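Engineer: Mind looking over this structure? Questions follow.
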Amino acid sequence: MAPILEFRSVSKVFFKGDTRIHALRNVSTEVEQGELLAIVGPSGCGKSTLLNLAAGLMEPGLGEVYYDGKPISGVNSHVSYVTQRDNLLPWRTVEDNVLLPFELKTRSRMPVGERKERAQKYIDVVGLKGFEKHYPAELSGGMRKRAQLARSLVYEPDTLLMDEPFGALDAQLRLVLQAELLKTWEGSGKTLIFVTHDLTEAISLADRVIVMSTRPGRIRIIERIELPRPRDVFSIRFLPEFGQYFERLWASLKEDMHQGADV
Ligand SMILES: Nc1ncnc2c1ncn2[C@@H]1O[C@H](COP(=O)(O)OP(=O)(O)OP(=O)(O)O)[C@@H](O)[C@H]1O
Ligand SMILES: [Mg+2]
C-alpha cells in the first residue's frame, strides 16, 4: 500500500538574525494509511516542525513532503492538527469552537443543523457534554484539551496530527484521555501522528515509535510495537514485552541526555 505521508530527505533551517537554527537534517520516513505513529525526542529536535510540514504550514528547505502521493503545497486540508499551544478562541463557547473548522473549510457544504449534530457527537465523545455553552476560561486544562480534540475530530479528517496533546495534564487524566483516544482511533482507519515526551505513552498507543536525536533533528531509530490490539492503556505497561520496548527506546533517547537538550 502506498504511504499516506512521506518525508523525503527533509531538512529545515530557521534564520533568526544572523543565527541559523538547523531544526531538521535529512529526515526520511513514511507513514502508512491507518497507522498510529508516535514521535519522541528531546526538546527542540524538530518534532513540531515535522507536524507543521505535514500540515502544510511551512515548507522544507531541502527535500519534499508528500501527502497521498502528491507534494504538499499550501495548507493540507486532509489533516487536522491539535497544536502544542492551546489555540481555542477565548471569545467562543466550546460548541462554537468545535464548529470552527466548518467555517474555515470553504468547501464545506454541510447544512448548519448537520454541523451542529456532528459537533455534539464529538463533544459527547470527548466527555464535554453539558459544557457546550462554556467559554475556554471556564474550563480546566484537561477540558480545554478535550475541546481541542473535539474540534480536530469534527471534520472527520483522514489524518490527525497531535502535538503533545496531554503533556500538561496529570497522570490519571492522561491515562483516561489516552484510552478515549485509542477507542476513537481503533478501527477508524484514520492515520494518527502523535508527538509526545512520554515514552510510556508512545509505546502504549503506537504501531511504530520514532526516536529523534537532538538538533538538528534526525531519526535515531524506528521501532515497530507489536503489542496486541485493542489495547488497555492501564494494564499494557505491565506486559514483559512492554519493558523490552521501553529499554530499547530509552537506551536510544538516553544517548542525547548527556549532550544537553534545549528547553
Ligand atoms: N518558526 C520558527 N522560527 C524560528 N525558529 C524556529 C521556528 N520553529 C521552530 N524553530 C526552532 O527549530 C527548533 C525545533 O523546533 P520544534 O518546535 O520543532 O521542536 P520540538 O521538538 O517540537 O520541541 P519541544 O519538544 O520543545 O516542543 C528549535 O530550536 C526552535 O527554536
Ligand atoms: Mg514541539
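Engineer: Run the accessible area of region 86-157 with a 1.4 Å probe and give the carbon-and-sulfur part as a rounded percent.
Structural biologist: Details: 2060 of 3750 Å².
Roughly 55 percent, rounded to a whole number.
Engineer: In square nanometres, what is one fourth of the surface area of the convex hull spanned by the alpha carbons of the chain?
Structural biologist: Numbers: hull surface 60.0 nm².
Result: 15.0 nm².
Engineer: Okay, moving on. List the lysines whose alpha-carbon lies under 28 Å from that of residue 129, not counting same-chain residues fewer than 8 positions away?
Structural biologist: 105, 116, 121, 145, 183, 190
Engineer: Compute a Gaussian network model of the chain, connecting alpha carbons closer than 10 Å, and tell me which residue from 43, 204, 235 fluctuates the most.
Structural biologist: In this elastic network of the chain, the residue with the biggest mean-square fluctuation among 43, 204, 235 is 235.
Engineer: So what's the angle, to the nearest 10 degrees on a 0 to 90 scale, between helix 94-104 and the longest Cα principal axis of the chain?
Structural biologist: 70 degrees
Engineer: Contact order normalised by length for the chain, with contacts defined as Cα pairs under 8 Å and 6 or more residues apart; what percent is it? Don't jump to the answer; show the numbers that get you there.
Structural biologist: Values: 487 pairs, mean separation 68.7, N = 263.
Normalised by residue count, the contact order of the chain is 26 percent.
Engineer: For region 1-78, what is the per residue volume of the convex hull drawn over the alpha-carbon atoms, in cubic angstrom?
Structural biologist: Working: hull volume 7.3 nm³, N = 78.
With only Cα atoms used, region 1-78 gives 93 Å³ per residue.
Engineer: How large is the helix-only mean residue ellipticity at 222 nm for the chain, computed as the sum of -39500 (n - 2.57) over DSSP H runs with n ≥ 4, divided by its residue count, in deg cm²/dmol to the nearest 500? Don't skip to the end; give the middle numbers.
Structural biologist: Numbers: 7 runs with 83 residues, N = 263.
Taken over the chain, the calculation gives -10000 deg cm²/dmol.
Engineer: Over the Cα atoms of region 86-157, compute the convex hull volume and normalise it per residue, giving Å³. Please list the in-between numbers first.
Structural biologist: Values: hull volume 5.9 nm³, N = 72.
Measuring per residue, one finds 82 Å³ for the Cα hull of region 86-157.
The values are calculated or read from the model by the stated rules, or taken from the named source; none is laboratory data. Predicted, not measured: the structure shown is a model, and the values here were computed from it. Ligands, DNA and RNA are excluded from the accessible area calculation, which covers all protein heavy atoms including side chains. Shrake-Rupley method; radii C 1.70, N 1.55, O 1.52, S 1.80 Å.
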